[in-house]
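The values are calculated or read from the model by the stated rules, or taken from the named source; none is laboratory data. The structure displayed is predicted, hence computed values, not measured ones. Note that we place each Cβ from the backbone using ideal geometry, even for glycine, and neighbour counts take in every protein chain shown. Side chains are part of the model used for accessible areas, which takes the heavy atoms of the whole protein and leaves out ligands, DNA and RNA. Shrake-Rupley method; radii C 1.70, N 1.55, O 1.52, S 1.80 Å.
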Amino acid sequence: MLFRATFGVAPLVAASAPGRVNLLGEHTDYNGGPVLPIAIAVRTVVAAGAADAGMLELISTRDGQMQRIDYRSGGVAGPGAYVAGVMRELAAAGTGPPGGGASVAIASDVPVGAGLASSAALTVAAARALDLLGSGRLTARQLAGVAFRAEHDHVGVRCGIMDQMSAALARPDRALFLECASLASRHVPARAPLLLVDTGVRHQLASGALNERRAECEAAVARLRLELPELRWLASWPAGWLPRLKRALPEPLRSRALHVVGETARTRFGAQLLARGYLKRFGVLLFESHESCRRLYECSAPELDLVVSTARRAGALGARLTGAGWGGAVLVLLPRGKAVEAKVVRQVRRGFKDAYGREPAISTVRASGGLRREPVR
Ligand code: GLA
């Protein structure tokens, strides 16, 4: 509808991709460790048609602003930067719009800056729609790669591959267990009762702390190579060699590395517990993960900590910040049955309001499907 209203013709193709909630495995992806995300029901739809060679004409429901850019040159901001990155990657792979230009309309209900991977929903949906204008032959994994490089290489956010793989490969009622070094993956049954508590605290990734943490992790690997010359990923440091790791690293590199190594073990174990439906033990790992994010990786925020501790006191089985952190949302794992859910919702609402004078947005979440082609209207 937005496409037709803006460009005066129907789009040729459309595709959509979801946001995600990461159940476990935070800041492990770019360290070569495992992650365990589910896709959620909010999605970004990208409708696309032709445009003059080199041109990207783009409109989004988010701001209603039209961007007209030469996608081959850099220096673009906003959603246009992400889609231009996708266009360049597709061109390099020999696909994308045959005339070399595209008009694009974006409609999304994935909140930005909430730690729910809004940018991956955009880039994965755009990669699919724009590939459909061309050869249409790229696989879901290849599209995730295109989307990752668009964000990482072109926009300059030093993210890992979790969000794009989740958006591309997710399945309903399943979590995606992904080993980010090998990209080996499996779908794990995930029928757990979950709440998402969005604190409303927003973070700006590209300029900020994620890039800094990544640099710290790289510095840690460089030093640990003096101990273990073949070490490639921080997550591959042997869990039994923690004393050696502690001796080799000064702070804050030591804390960052301890988080990554601990979170890696937790996530592999957690995927097995979740698959077997051992929610109580899985929940304990969620609390541990939050503590590790807070103390060692220092990526939490007071609002997130308050939600986690309140949910715990109200009877939640587990709770943790999800996504990059420094704001965004908390994931809460509930026992089956409605009684505890009502108590958690009530107490989190009240506790948050007492502390911050406003209420957080609380919703239930369920593992949803990934990337799909949409009918054009
Ligand atoms: C951001 C990045 C992801 C991942 C998470 C932290 O969402 O985009 O790749 O690194 O942070 O787990």
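Say each of Thr364 and Asp109 gets a label point 7 Å from the Cα, pointing the same way as Cα to Cβ; how far apart are those two points in nm?
Here the answer is 1.6 nm between the modelled labels.
Roughly how many Å² is the accessible area per residue of the chain, as a whole number, for a 1.4 Å probe? If you can, show how the numbers build up before the last one.
On the way: 15250 Å² over 377 residues.
Heavy-atom SASA per residue in the chain reads 40 Å².
With a 1.4 Å probe and all protein chains left in place, how much of the accessible area of the range 47-186 comes from carbon and sulfur atoms, in whole percent?
49
On a 0 to 90 degree scale, rounded to 10, what angle separates helix 279-295 from the longest Cα axis of the chain?
80
Along the charge dipole of the range 310-364, pointing to its positive end and built from +1/-1 on Cβ of Lys, Arg, Asp and Glu, which listed residue (Gly328, Gly357, Ala311) has its Cα farthest out?
Ala311
Would you mind telling me the antiparallel percentage of the DSSP bridges in the chain, rounded to 5?
Rounded to the nearest five, the antiparallel share is 90 percent.
Rounded to the nearest 10 degrees, what's the angle between the helix 338-356 long axis and the longest principal axis of the chain, both from Cα atoms, 0 to 90?
Between helix and principal axis, roughly 80 degrees.
Using a cut-off of 28 Å between alpha-carbon atoms, which lysines can reach Lys343, once sequence neighbours fewer than 8 places away in the same chain are excluded?
The qualifying lysines are Lys280, Lys353.
With a point put 7 Å past each Cα toward its Cβ, work out how far Leu183 is from Trp241 in nm, to one decimal.
2.7
Going 7 Å from the Cα of Asp305 toward and past its Cβ, which residues in the range 244-287 have a backbone nitrogen under 18 Å from where you end up?
Backbone N within reach: 255-256, 259, 287.
Pick out, in residue order, every one of the GluC sites (Glu not before Pro) in the range 217-317 that is DSSP loop and has at most 16 other C-beta atoms within 10 Å; say none if there are none.
Loop-located and lightly packed - Glu227, Glu230, Glu298.
What angle do you read, to the nearest 10 degrees and between 0 and 90, between the alpha-carbon axis of helix 209-224 and the longest principal axis of the chain?
60
Just to be sure I understand the model, the point goes 7 Å from the Cα along the line to the Cβ. What's the resulting Arg372 to Glu227 distance in nm?
4.8
I need the calculated FRET efficiency for the pair Ala342 and Ala53, taking r as the beta carbon distance and R₀ as 45 Å, to the nearest 0.05.
Taking R0 as 45 Å, the efficiency between Ala342 and Ala53 is 0.20.
Report the relative contact order of the range 206-312, percent, no decimals, based on alpha-carbon pairs under 8 angstrom and at least 6 residues apart.
Once normalised by length, the contact order is 22 percent.
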